[in-house]
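The values are calculated or read from the model by the stated rules, or taken from the named source; none is laboratory data. If you're wondering where the values come from, they're calculated on a predicted model, not measured in any experiment. Backbone-built Cβ (ideal geometry, glycine too); neighbour counts: all protein chains shown. All accessible areas refer to the heavy atoms of the entire protein, side chains included, with ligands and DNA or RNA removed. Shrake-Rupley method; radii C 1.70, N 1.55, O 1.52, S 1.80 Å.
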Amino acid sequence: MSFTDSFKMSLDLMWTILTAEPLLTITLLTFFGVSLLLIMVLNMIAERRLRKSGILEVDKMTGRRFEEYLQALLRGKGYSVQLTPASGDYGADLVITKNGEKIIVQAKRYKKNVGVKAVQEIASAKNYYKADQCWVITNSFFTEPARKLANTNQVRLIDRKQLMDWMLKENKDQHISKVSVG
């Protein structure tokens with residue numbers, strides 16, 4: 001028996017089952033239709049969230065522009081923020097303070113996942129800056145080794161998802177303040 005014959009036989013069997021049990025046919029069509037619709041709606045929501053957050057613009061920024069963007073974003077979250085020099089920064093791109101606590105931040109605007117080097121750099125800069133905490137913020141995600149090293153060195157990792165949450169909240173807060181002022 002050839003592949004074509006087997007395929008035809010399978011189609012005939014499926015057609016026989018579907019026409020013999022109309023309720024089964026309706027149930028299957030409904031299930032697949034609802035599933036397809038649900039997938040489309042979830043994709044639309046995810047795409048809208050991406051556009052609304054502004055992360056797609058962040059993905060196009062230079063490294064320095066990303067640092068400046070984080071400066072504005074963190075100020076909006078109530079931090080006092082200072083950019084470090086573009087070179088000779090000892091591994092920290094931003095120095096932020098809030099409630100007397102000093103935090104140094106390594107900003108990584110990457111297309112790929114951020115590895116252990118960024119965690120090593122910020123962890124080693126902690127003593128130099130006499131910081132209470134150190135963070136790495138990225139528009140991407142972190143490798144598993146980076147997560148492990150961060151955990152053992154008390155380095156906070158802020159990945160794409162959390163950054164988007166911050167951005168969405170900032171956009172919402174700005175919208176609310178514009179509406180209440182205007």
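Could you check how many residues of the range 88-141 are out of contact with any Ser or Thr (no Cβ under 8 Å at 6 or more places or on another chain) and part of a strand (DSSP E or B)?
11
Filter the range 80-111 down to the residues that are open to solvent by 40 Å² or more (accessible area, probe 1.4 Å) and among the hydroxyl-bearing types (Ser, Thr, Tyr) and list them by number.
Answer for the range 80-111, where residues must be open to solvent by 40 Å² or more (accessible area, probe 1.4 Å) and among the hydroxyl-bearing types (Ser, Thr, Tyr): Ser80, Ser87, Tyr90, Thr97, Tyr110.
Just the residues that are touching a residue at least 24 places away in the same chain (Cβ under 8 Å), surrounded by 15 or more Cβ atoms within 10 Å (Cβ to Cβ) and among the charged types (D, E, K, R), please, taken from the range 112-133.
Glu121
Being more than 28 Å from Ala107 (Cβ to Cβ), among the hydroxyl-bearing types (Ser, Thr, Tyr) and at pLDDT 85 or above is true for just one of Thr62, Thr30. Which residue is that?
Thr30
Quickly run through the range 134-150 and pick out the residues that are open to solvent by 60 Å² or more (accessible area, probe 1.4 Å), in contact with a helix residue (DSSP H, G or I) (Cβ under 9 Å, 6 or more places away or on another chain) and over 24 Å from Lys60 (Cβ atoms). Reasoning before the result, please.
Step one: list which residues in the range 134-150 are open to solvent by 60 Å² or more (accessible area, probe 1.4 Å), which gives 141, 144-145, 147-148.
Keeping just the survivors that are in contact with a helix residue (DSSP H, G or I) (Cβ under 9 Å, 6 or more places away or on another chain) gives 141, 145, 147-148.
Pro145, Arg147, Lys148 - these are the residues of the range 134-150 that are open to solvent by 60 Å² or more (accessible area, probe 1.4 Å), in contact with a helix residue (DSSP H, G or I) (Cβ under 9 Å, 6 or more places away or on another chain) and over 24 Å from Lys60 (Cβ atoms).
Of Gln154, Gln133, which residue is more than 19 Å from Leu74 (Cα to Cα) and at pLDDT 95 or above?
Values: Gln133 fails: more than 19 Å from Leu74 (Cα to Cα).
Gln154 is the lone residue from the list that is more than 19 Å from Leu74 (Cα to Cα) and at pLDDT 95 or above.
Can you name the number of the only condition in (1) in a helix (DSSP H, G or I); (2) closer than 30 Å to Ala131 by Cβ; (3) modelled with pLDDT under 85 that Leu73 fails?
(3)
Which is more than 20 Å from Lys148 (Cα to Cα) and of a type in the set (D, E, K, R), of Lys126, Lys117, Lys111?
One residue alone meets the criteria, Lys111.
So the check is Cβ under 8 Å with 6+ separation or different chains; which pairs have a first residue in the range 90-106 that's closer than 8 Å to Trp135 by Cβ and a second one that's of a type in the set (Phe, Trp, Tyr)?
What qualifies is Ile103/Tyr79; Ile103/Trp135; Ile104/Tyr129; Ile104/Trp135; Val105/Trp135; Gln106/Trp135.
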